[in-house]
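Notes for the one structure printed next.
The values are calculated or read from the model by the stated rules, or taken from the named source; none is laboratory data. These numbers come from a predicted model, not from an experiment. Note that each Cβ is placed from the backbone with ideal geometry, even for glycine, and that neighbours are counted across all protein chains shown. Accessible surface is based on the protein model in full, side chains and every heavy atom, while ligands, DNA and RNA are left aside. Shrake-Rupley method; radii C 1.70, N 1.55, O 1.52, S 1.80 Å.
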Amino acid sequence: MYKILKKKELTTNIYLMDVEAPRTARSCQPGQFVIVRMDGEGERIPLTICDYDREKGTVTIVFQSVGAGTVMMAGLQEGDSFQDFVGPLGCPSELTKEPLEELRNKKILFVAGGVGAAPVYPQVKWLHENAVSADVIVGSKTKELLILEKEMEAVAGNLYITTDDGSYGRSGMVTQTIKDLVAEGKQYDICIAIGPMIMMKFVCLLTKELGIPTVVSLNPIMVDGTGMCGACRVTVDGKVKFACVDGPEFDGHAVNFDEAMRRQQIYKTQEGRAMLKLEEGDTHHGGCGNC
Ligand code: NAD
Ligand code: FES
């Protein structure tokens with residue numbers, strides 16, 4: 001069992017939890033994720049790791065209570081436990097594999113949308129701890145939904161907050177701030193965009209035009225997290241990839257976002273899963289609990 005040591009509501013329906021998971025905390029790297037399950041019957045919920053403390057043996061997760069599983073999760077309190085806390089899963093961020101000297105010469109831009117600020121934070125923190133500076137744009141619908149501002153401020157080179165309704169920081173979506181920064185003379189060698197699929201799609205369309213290589217972190221439907229069930233299938237550069245083992249990071253300019261968003265929608269119903277099976281062949285589409 002994996003005990004919840006701390007629980008905090010960051011804003012309406014968005015929660016942070018520190019979970020006692022020493023083995024995961026010892027080996028996880030920025031960019032990786034975990035799959036949690038409250039009990040034997042519970043839904044498997046994939047969550048990108050937001051932070052970790054190797055000495056205390058804790059892993060921090062941030063989630064939004066939107067579906068049945070996450071709403072039940074939000075009901076857990078400090079002292080309660082998860083039955084399963086599987087991870088670290090997926091590949092660590094590519095940035096963590098590059099020589100630090102090269103990284104220090106790079107102009108790096110992170111773009112975080114909404115809850116996507118949680119998976120962006122450990123990457124920027126890791127870079128900061130290794131004396132690598134990165135600019136960060138955090139986009140939120142409105143001021144009340146903004147999360148991790150103070151934490152991000154402490155590790156970002158420059159932090160640009162933008163709200164869709166203009167209630168705080170700059171006004172407009174993250175793509176507007178990218179355009180503004182470039183128009184102000186900023187140049188970037190790489191962009192890492194994490195947030196809702198639609199945001200990543202439009203950031204990639206823009207950065208392709210601007211000639212900025214872009215990495216995205218995909219968080220599609222996941223079931224087993226080990227490459228067996230096929231639920232997290234995405235097409236990248238015309239090839240089938242599985243986000244849980246080949247990703248979650250991919251070259252954003254090569255991802256077929258329209259297909260990924262369509263799959264995410266269809267997957268929500270039993271009928272839709274049957275249709276995917278028909279379209280995509282024998283790949284098992286999960287949900288049956290047999291994997
Ligand atoms: P949101 O809808 O509030 O959007 C966040 C920001 O993204 C907006 O403020 C805006 O700046 C930008 N954005 C949205 N649509 C855009 C568009 N069409 N063009 C340009 N920019 C746009 O975000 P949310 O409610 O926090 O998102 C929740 C979704 O994000 C969930 O579906 C969740 O699964 C996903 N998510 C993904 C990851 C990941 O690892 N990729 C992590 C956390 C959450
Ligand atoms: Fe990736 Fe099953 S979740 S293949």
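Quick notes
- Taken over the stretch 70-115, the residue count meeting the criterion of being of a type outside the set (A, V, I, L, M, F, W, C), open to solvent by 10 Å² or more (accessible area, probe 1.4 Å) and out of contact with any Phe, Trp or Tyr (no Cβ under 9 Å at 6 or more places or on another chain) is 15.
- Sole residue being within 16 Å of ligand 2 (Cβ to nearest atom) and over 25 Å from Met152 (Cβ atoms), chosen from Gly75, Gly69, Gly90: Gly69
- Residues being among the polar types (S, T, N, Q) and farther than 25 Å from Thr207 by Cβ are entirely absent from the stretch 115-128.
- Residues (crowded, with 20+ Cβ neighbours inside 10 Å and at pLDDT 90 or above) located in the stretch 48-59: Ile49, Cys50, Asp51, Tyr52, Thr58, Val59
- Residue ID - farthest from Gln264 (Cα to Cα), chosen from residues in the stretch 198-231 that are within 13 Å of ligand 1 (Cβ to nearest atom) and touching a Pro at 6+ places or on another chain (Cβ under 8 Å): Thr207
- Subset of the stretch 146-168 (residues that are surrounded by fewer than 19 Cβ atoms within 10 Å (Cβ to Cβ) and either near ligand 1 (Cβ under 8 Å from one of its atoms) or small (Gly, Ala, Ser) (or both)): Ala154, Gly157, Asp164, Gly166, Ser167
- Filtered residue count, the stretch 235-259, keeping only those that are of a type in the set (S, T, N, Q) and open to solvent by less than 60 Å² (accessible area, probe 1.4 Å): 1
- Restricting the stretch 206-229 to residues that are more than 16 Å from ligand 2 (Cβ to nearest atom) and assigned to a strand (DSSP E or B), the residue that is surrounded by the fewest Cβ atoms within 10 Å (Cβ to Cβ) is Val215.
- All positions within the stretch 118-145 that are open to solvent by 10 Å² or more (accessible area, probe 1.4 Å), farther than 20 Å from Gln187 by Cα and among the hydroxyl-bearing types (Ser, Thr, Tyr): Tyr121, Thr142
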